[in-house]
Structures are given as structure tokens and as C-alpha cells.
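Sending over a structure as C-alpha cells; questions will come in a sec.
Computed from the coordinates by the stated procedures, all read-outs in this text should not be read as laboratory data. All figures in this text were calculated on a predicted structure; none of them were measured in a lab. Glycine also receives a Cβ, built like all others from the backbone with ideal geometry; neighbour counts cover every protein chain displayed.
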Amino acid sequence: MKSAYQIIQKPVITEKGLGIKETQNTLVFQVAPKATKTEIKQAVQSIFKVKVDSVRTANYPGKERRRGKFTGYRPDWKKAYVRLKSGEKMPEYAQNL
């Protein structure tokens, strides 16, 4: 089984992600592509010491990128929307933006 830090790769810090964080009590992370919702839930609970209400995931295919005449693809990745239970303190990972 993977560790919590292998499942949760990094937070997704975008304008939409920060808006969801403030209004809907939801965190957004880039996670391992083969991670399940229960693994993501357990990883967030162990890293941030909070209680998770629900997890939604979305798979994104890699885009084609070019460097001159050479083409390639970015890797596929997975995004997880983690909703915290009401009354939980929101962890601060996007400070000083």
C-alpha cells in the first residue's frame, strides 16, 4: 500500500480551487492516478488531521505538447475534490498568494 504522501501529490492552487476552498469547505489535490476514493480520504485525514465528508475525483488526459518539430504528450493525471465535514478547521496550504 502506498503512503499518504504518495497518494496526495500536491494541492491544485488555481482561482477556481481557492474559491471552492472558501465557499464549499472543499480542498483540491492532484493525486496518484490509481488512487481510490477511500485511499484519498484516509490520506487526507492522516496528513491534515481533519475529518472528510466526501471525495469526488476527475481524470484528465495528457495534452499534446510540441518543441519545434518534436511532439509529445504530458502525462495523464487525476484531481480529487475533498469535502471536509462541517465544523472542521480548514488547513492553510495556499498562504501569501
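What are the pairs with Cβ atoms under 7 angstrom where one residue, in the stretch 13-27, is under 17 Å from Val50 (Cα atoms) and free of Cβ contacts under 8 Å to residues at least 24 places away in the same chain and the other, located anywhere, is assigned to a strand (DSSP E or B) and not acidic (Asp, Glu)? Sequence gap at least six, or different chains.
Listed pairs, sorted by first residue: none to list.
I'm told Gly72 meets every condition in (1) touching a helix residue (DSSP H, G or I) at 6+ places or on another chain (Cβ under 6 Å); (2) in a strand (DSSP E or B); (3) not β-branched (Val, Ile, Thr) except one. Can you identify the failing condition by its number?
Failed condition: (1).
Do you know which of the residues in the stretch 48-73 that are loosely packed, with under 14 Cβ neighbours inside 10 Å and of a type in the set (A, V, I, L, M, F, W, C) is farthest from Thr14 (Cα to Cα)?
Applying the filter and picking the extreme gives Phe70.
Quick check on my filter: what residues within the stretch 7-23 are of a type in the set (Gly, Ala, Ser) and crowded, with 17+ Cβ neighbours inside 10 Å? Before you say what the answer is, go through the steps one by one.
Kept after step one, since they are of a type in the set (Gly, Ala, Ser), are these residues of the stretch 7-23: 17, 19.
The answer is Gly17, and nothing else.
Going through the stretch 20-45 one residue at a time, which ones are more than 18 Å from Tyr93 (Cβ to Cβ) and assigned to a helix (DSSP H, G or I)?
Once the filter is applied, which keeps residues that are more than 18 Å from Tyr93 (Cβ to Cβ) and assigned to a helix (DSSP H, G or I), the stretch 20-45 yields Lys37, Thr38, Glu39, Gln42.
Limited to the stretch 75-92, what total is found for residues that are of a type outside the set (A, V, I, L, M) and assigned to a strand (DSSP E or B)?
The initial filter retains those residues of the stretch 75-92 that are of a type outside the set (A, V, I, L, M), namely 75-79, 81, 83, 85-89, 91-92.
Now restrict to residues that are assigned to a strand (DSSP E or B): 77-79, 81, 83.
Count: 5.
Could you count how many residues in the stretch 1-12 are in a helix (DSSP H, G or I) and free of Cβ contacts under 8 Å to residues at least 40 places away in the same chain? I'd like the intermediate steps shown before the answer.
The initial filter retains those residues of the stretch 1-12 that are in a helix (DSSP H, G or I), namely 4-7.
Next, from what is left, pick out any that are free of Cβ contacts under 8 Å to residues at least 40 places away in the same chain: 6-7.
Final tally of qualifying residues: 2.
Another one. Name every residue in the stretch 24-47 that is touching a helix residue (DSSP H, G or I) at 6+ places or on another chain (Cβ under 7 Å), within 26 Å of Pro75 (Cα to Cα) and surrounded by fewer than 17 Cβ atoms within 10 Å (Cβ to Cβ), in order of residue number. Even if it seems obvious, please write down each step before you answer.
Just the residues of the stretch 24-47 that are touching a helix residue (DSSP H, G or I) at 6+ places or on another chain (Cβ under 7 Å), to begin with: 26-28, 31-32, 35, 39-40, 43, 46-47.
Still in the running and within 26 Å of Pro75 (Cα to Cα): 26-28, 31-32, 35, 39-40, 43, 47.
Matches in the stretch 24-47: Ile47 only.
For the stretch 46-69, name all the residues that are polar (S, T, N, Q), in contact with a strand residue (DSSP E or B) (Cβ under 7 Å, 6 or more places away or on another chain) and either more than 22 Å from Pro91 (Cα to Cα) or not in a strand (DSSP E or B) (or both).
Applying the first criterion (polar (S, T, N, Q)) to the stretch 46-69 yields 46, 54, 57, 59.
If we keep only those that are in contact with a strand residue (DSSP E or B) (Cβ under 7 Å, 6 or more places away or on another chain) too, we end up with 54, 57, 59.
Once the filter is applied, which keeps residues that are polar (S, T, N, Q), in contact with a strand residue (DSSP E or B) (Cβ under 7 Å, 6 or more places away or on another chain) and either more than 22 Å from Pro91 (Cα to Cα) or not in a strand (DSSP E or B) (or both), the stretch 46-69 yields only Asn59.
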